[in-house]
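Peer 1: Structure incoming, see below.
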There are 2 protein chains.
Amino acid sequence: MPSIAYFGPQGTFSEQAARAHAGDEDALVPMRTVPLALAAVRAGEADIACVPVENSVEGAVSATMDALAVDEPLVAVAEVVLPVRFSVLVRPGLAAEEVRTVASHPHALAQVQGWLGEHLPAASPTAATSTAAAAVGVLEGEWDAAVTAPVAASHYALSVLATDVADVDGAMTRFLLLRRPGELPAPTGSDRTSIVVVAAAERTGVLAEMLTELALRGINLTRIESRPHQGQLGRYRFYLDLDGHVVEQRVGDALAALHRRCQELRFLGSYPKAEPSLAGAAVLTGNTDHDYAAAGEWLAAVRGGSTP
Amino acid sequence: MPSIAYFGPQGTFSEQAARAHAGDEDALVPMRTVPLALAAVRAGEADIACVPVENSVEGAVSATMDALAVDEPLVAVAEVVLPVRFSVLVRPGLAAEEVRTVASHPHALAQVQGWLGEHLPAASPTAATSTAAAAVGVLEGEWDAAVTAPVAASHYALSVLATDVADVDGAMTRFLLLRRPGELPAPTGSDRTSIVVVAAAERTGVLAEMLTELALRGINLTRIESRPHQGQLGRYRFYLDLDGHVVEQRVGDALAALHRRCQELRFLGSYPKAEPSLAGAAVLTGNTDHDYAAAGEWLAAVRGGSTP
C-alpha cells in the first residue's frame, strides 16, 4: 500500500495522473507545492511523488525540474501522459445560460477561450489559483462554473456541464512518478531515460558534441531543455529525455561517454514510455546489445593476442 | 510615443521590464494574458509587446513560446533581464509582527519560503493569481501582506516592509520586446539571435546535426528548448538562442544552412544582449566577417579561372 504524494489540492491533473498509476490500495496524499511533494519522498514520508514535468496547465514545470536536479536524487519509475481536456463543473441545477462567471487556473482558461466564447458567451472568466480551487469556489458560491481536470467531479458535489473541453486537439501533459533510488524497472523494449547534465566546460559546440554521442549510438532524443545553472549566467544544465533503457548497452555506453564529458550527470530514471512509439522503437543496425557483445568479444580477442 | 503592451495587471515583473526599456513618453498598456499582448501588436493596437520568455515567476513561458511560433511573425528588438527579487508590501501602519497572512503568485511564494519563515514566521502564505493581484488584495483588506515586483509599490498605496527579498541569490527572469517585422536593430558586437526550427525529418541525430552547423561556425548557443509540435507526439519545435547578429556572416551562413535542413525556420530577432558577455564575445578564428569575405573572394577567383 504505497503512498503517493501529488501536487494538490484534490482534483488536479496531478491527482488524475497519480490515479492512472495507483492501485486500489494506494494512499493518495495532496501536497501544497511540487517541491513539497518531492521533499515528502526524500524524507520517507511518502513512497512516490507524482509531479508534472511537461506542458503543465497548473504550475511551473521549470521549478519542478530545478528541484529534481539538486538535493537527494530521486528516480522516475513510470510516466503518465494525459490529454489536456477539461471538464466544466457548475452548481447542481444551474443551466448553461445562467452561468455568469467561470473560474480556473489562468493557464487552463487560456486553453478553453474558444470553447467558452462559443458555449458560455455571457460568462466572464476569472482566474483562480488552481483548477481544483476553482471547483471549491463554485461550491462556496463564489463563481458559477469551474474549468477543471475530469477527476475534480469525483471530489466536489457539482454537476458536469461539459467534458472533453479543449480548443486544440491533441495537447498532452506529462507527469513522472518518482521514488528514492532502488531497483530499476525492467526494460520493456519501449523505454525512456531521463538525465540532467552540466558540461565540464562552457565551450562553443559542447552540446553538439554531447548530442553527437547519442546520435552515433542511434539514440533518439525526445526532449531537451536548458536551464541556467544556479543563476550563473552562461552556465547551463541540460535536461534530456532519450529513447531506451540504461541496461541496454548503447544507452549505458552513451551515458558513460557523457559521464566522461560532463561535470555533473544525474540519472533521473529509465521507465516504460506511456505510449509505445511506432517509429524509433527498432534499434539502428550496429547498436543492438548483440552488436555490442560481438564487438566486445572481438576487442578482447585482439587484446589477448589472437586475430579473429 | 510608442505604446507597449505587457502582461498585466499593473505592478507585475512584465511592467517592470517594460519600464526598463520604455522612454518617458511611452504608453504602457496592461493586458490580461501574454497571448493577448502579442495579439495587440499583431493587430496594430500596440507597437511593442513585453512578455516573459525565461524563468518567469508569474506565468507559463511555454504558452508564450508557442504563441511566438505561430500566427503573424513578431520580431524581438530588445531583451530585458531582471533579478528575481521581490518587495513585501503591507497596509500602511502595519508592523511585521502583526502580519498574519501573506499572499502572492504561487511561483513567487515558492521563491521566498525561507525569507518568510525567518522574517514573518506567524504569517500563513496564500496563493493569489498574480503578484499584482496580491497587492490589490492587501489594499482591499483580504490579506495583510503581498510579495510583489518592486514596481508594484508605485501603483498601490501600500507600505514597503522589505525589498530585495529572495531565498536564492542570482536568479534572473528574462523578457523580450517584440514588434512587427521591420528594420533590424543595428549590431552592437554583443547581440543575441532567437529562432524557432522544425526539422525536415524526424531522424535520430537531426538536432545534433543542426547544432553542429552552429558549432562549426563558432556560434555559441545560449538556450535550447524543445516543445511538442502542435500536439503531434514525436514531432518537435526547437527554440534556440545564439550569440551573434543575423547581419554577421557566420550567423547568416548558419541560419541559411538551417534553412536548408529545416521544414520551418522562424526568425525571432537579433537584438543587443542585456548583459554584454565577457567570455564568448570574441569571434573564433576563421569565423569573422573578414574571413568570410576573403573566402568568398578566393572562391570567386577559382570559379573565374584564376588560381590565387
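The values are calculated or read from the model by the stated rules, or taken from the named source; none is laboratory data. Given the structure is predicted, the values throughout are model-derived calculations rather than measurements. Every residue, glycine among them, receives a Cβ derived from its backbone with ideal geometry; neighbour counts consider all protein chains shown.
Residue-wise test of (1) under 16 Å from the mean Cα position of the chain (by Cα); (2) away from chain A (no Cβ under 14 Å).
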{"site": "B:11", "(1), (2)": "no, yes"}
{"site": "B:20", "(1), (2)": "yes, yes"}
{"site": "B:38", "(1), (2)": "yes, no"}
{"site": "B:56", "(1), (2)": "yes, no"}
{"site": "B:83", "(1), (2)": "yes, no"}
{"site": "B:90", "(1), (2)": "no, yes"}
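Peer 1: Condition (residue is under 21 Å from residue A:62 (Cβ atoms) and either in contact with a strand residue (DSSP E or B) (Cβ under 9 Å, 6 or more places away or on another chain) or free of Cβ contacts under 8 Å to residues at least 40 places away in the same chain (or both)) applied to the range B:180-191: is it met by at least one residue? Reasoning before the result, please.
Peer 2: Taking the range B:180-191 and keeping what is under 21 Å from residue A:62 (Cβ atoms), we get none.
No, because not a single residue in the range B:180-191 is under 21 Å from residue A:62 (Cβ atoms) and either in contact with a strand residue (DSSP E or B) (Cβ under 9 Å, 6 or more places away or on another chain) or free of Cβ contacts under 8 Å to residues at least 40 places away in the same chain (or both).
Peer 1: I've got another one for you. Check B:92, B:125 and return the single one that is more than 30 Å from residue B:270 (Cα to Cα), part of a loop (DSSP other than H, G, I, E, B) and in contact with a Leu (Cβ under 9 Å, 6 or more places away or on another chain).
Peer 2: Exactly one residue qualifies, and that residue is B:92.
Peer 1: Can you find, within the range B:215-268, the residue that is farthest from residue B:188 (Cα to Cα) among those that are touching a residue at least 40 places away in the same chain (Cβ under 8 Å) and acidic (Asp, Glu)?
Peer 2: The extreme case among them is B:264.
Peer 1: Filter the range A:157-172 for residues that are in contact with a helix residue (DSSP H, G or I) (Cβ under 6 Å, 6 or more places away or on another chain) and either at pLDDT below 95 or in a helix (DSSP H, G or I) (or both) and give the result.
Peer 2: A:167
Peer 1: Further, regarding this structure: Restricting attention to the range B:247-254, does a residue exist that is within 14 Å of another protein chain (Cβ to nearest Cβ), out of contact with any Leu (no Cβ under 6 Å at 6 or more places or on another chain) and either over 21 Å from residue A:207 (Cβ atoms) or crowded, with 17+ Cβ neighbours inside 10 Å (or both)?
Peer 2: Within the range B:247-254, the subset within 14 Å of another protein chain (Cβ to nearest Cβ) is B:250-251, B:254.
Narrowing the set further to residues that are out of contact with any Leu (no Cβ under 6 Å at 6 or more places or on another chain) leaves B:250-251.
Restricting the remaining residues to those that are either over 21 Å from residue A:207 (Cβ atoms) or crowded, with 17+ Cβ neighbours inside 10 Å (or both) gives B:250-251.
Looking for residues that are within 14 Å of another protein chain (Cβ to nearest Cβ), out of contact with any Leu (no Cβ under 6 Å at 6 or more places or on another chain) and either over 21 Å from residue A:207 (Cβ atoms) or crowded, with 17+ Cβ neighbours inside 10 Å (or both), one finds at least one in the range B:247-254, hence yes.
Peer 1: Can you tell me how many residues in the range B:1-41 are basic (Lys, Arg) and surrounded by 18 or more Cβ atoms within 10 Å (Cβ to Cβ)?
Peer 2: 0
Peer 1: Please find, within the range A:105-134, the residue that is farthest from the other protein chains (Cβ to nearest Cβ) out of those that are surrounded by fewer than 22 Cβ atoms within 10 Å (Cβ to Cβ) and farther than 21 Å from residue B:129 by Cα.
Peer 2: A:119
Peer 1: Let me ask another. Only residues that are over 28 Å from the mean Cα position of the chain (by Cα) and hydroxyl-bearing (Ser, Thr, Tyr): list them for the range A:92-134, please.
Peer 2: A:101, A:124, listed by residue number.
Peer 1: With the requirement that a residue be acidic (Asp, Glu) and either out of contact with any strand residue (DSSP E or B) (no Cβ under 7 Å at 6 or more places or on another chain) or in a helix (DSSP H, G or I) (or both), what does the range A:1-57 give you? Walk me through how you get there before you give the answer.
Peer 2: So the first thing to find is which residues in the range A:1-57 are acidic (Asp, Glu), and the list is A:15, A:24-26, A:45, A:47, A:54.
Of everything in the range A:1-57, those that are acidic (Asp, Glu) and either out of contact with any strand residue (DSSP E or B) (no Cβ under 7 Å at 6 or more places or on another chain) or in a helix (DSSP H, G or I) (or both) turn out to be A:15, A:24, A:25, A:45.
Peer 1: Go through the range A:168-191 and give me each residue that's charged (D, E, K, R), buried (at least 16 other Cβ atoms within 10 Å of the Cβ) and farther than 22 Å from residue A:6 by Cα. Step through it out loud before you land on a result.
Peer 2: Applying the first criterion (charged (D, E, K, R)) to the range A:168-191 yields A:169, A:174, A:179-180, A:183, A:191.
Filter once more, so that each one left must be buried (at least 16 other Cβ atoms within 10 Å of the Cβ): A:174, A:179, A:191.
Scanning the range A:168-191 gives a single hit, A:191.
Peer 1: What's the number of the only condition in (1) touching a Phe, Trp or Tyr at 6+ places or on another chain (Cβ under 8 Å); (2) surrounded by fewer than 18 Cβ atoms within 10 Å (Cβ to Cβ) that residue A:260 fails to meet?
Peer 2: Condition not satisfied by residue A:260: (1).
Peer 1: So which residues in the range B:6-43 are within 17 Å of residue B:61 (Cβ to Cβ) and of a type in the set (Gly, Ala, Ser), if there are any at all?
Peer 2: Residues satisfying the conditions are B:8, B:14, B:17, B:18, B:37.
Peer 1: Sort through A:183, A:213, A:202 and tell me the only one that's within 16 Å of residue A:267 (Cα to Cα), more than 19 Å from the chain's Cα centre (by Cα) and among the charged types (D, E, K, R). Let's see the steps before the verdict.
Peer 2: Values: A:213 fails: within 16 Å of residue A:267 (Cα to Cα); A:202 fails: within 16 Å of residue A:267 (Cα to Cα).
Within the list A:183, A:213, A:202, the selection yields A:183.
Peer 1: Further question on the same structure: If the Cβ limit is 9 Å and pairs must be 6+ apart or interchain, which residue in the range A:158-174 that is in contact (Cβ under 8 Å) with a residue 60 or more places away in the chain and within 14 Å of chain B (Cβ to nearest Cβ) pairs with which residue that is surrounded by 15 or more Cβ atoms within 10 Å (Cβ to Cβ) and aromatic (Phe, Trp, Tyr)?
Peer 2: Partner pairs satisfying both residue conditions: A:166/A:86; A:166/A:115; A:173/A:13.
Rundown of residues vs (1) at pLDDT 90 or above; (2) more than 10 Å from chain A (Cβ to nearest Cβ); (3) more than 19 Å from residue A:199 (Cα to Cα), yes/no style:
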{"residue": "B:188", "(1), (2), (3)": "yes, yes, yes"}
{"residue": "B:214", "(1), (2), (3)": "yes, no, no"}
{"residue": "B:224", "(1), (2), (3)": "yes, no, no"}
{"residue": "B:227", "(1), (2), (3)": "no, no, yes"}
{"residue": "B:244", "(1), (2), (3)": "yes, yes, yes"}
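Peer 1: Which of the residues belonging to the range A:193-211 are in a strand (DSSP E or B), more than 12 Å from every other protein chain (Cβ to nearest Cβ) and of a type in the set (A, V, I, L, M)?
Peer 2: Looking only at the range A:193-211, we keep the residues that are in a strand (DSSP E or B), and these are A:193-199.
Next, from what is left, pick out any that are more than 12 Å from every other protein chain (Cβ to nearest Cβ): A:193-198.
Residues satisfying the conditions are A:195, A:196, A:197, A:198.
Peer 1: Further question on the same structure: Exactly one of these conditions fails for residue B:236: (1) crowded, with 18+ Cβ neighbours inside 10 Å; (2) within 14 Å of another protein chain (Cβ to nearest Cβ); (3) modelled with pLDDT of 90 or more. Give me its number.
Peer 2: Every listed condition holds for residue B:236 apart from (3).
Peer 1: Restricting to the range B:95-122, give me the number of residues that are at pLDDT 90 or above and not in a strand (DSSP E or B).
Peer 2: Selection size over the range B:95-122: 15.
Peer 1: Of everything in the range B:130-142, what is touching a helix residue (DSSP H, G or I) at 6+ places or on another chain (Cβ under 8 Å) and modelled with pLDDT of 95 or more? Give them in sequence order.
Peer 2: Across the range B:130-142, the qualifying residue is only B:135.
Peer 1: Scan (1) over 23 Å from residue A:176 (Cα atoms); (2) modelled with pLDDT of 90 or more for the single condition residue A:83 breaks and write down its number.
Peer 2: (1)
Peer 1: Out of A:85, A:100, which single residue is farther than 18 Å from residue A:55 by Cβ, out of contact with any His (no Cβ under 6 Å at 6 or more places or on another chain), among the charged types (D, E, K, R) and touching a residue at least 40 places away in the same chain (Cβ under 8 Å)?
Peer 2: The match here is A:100.
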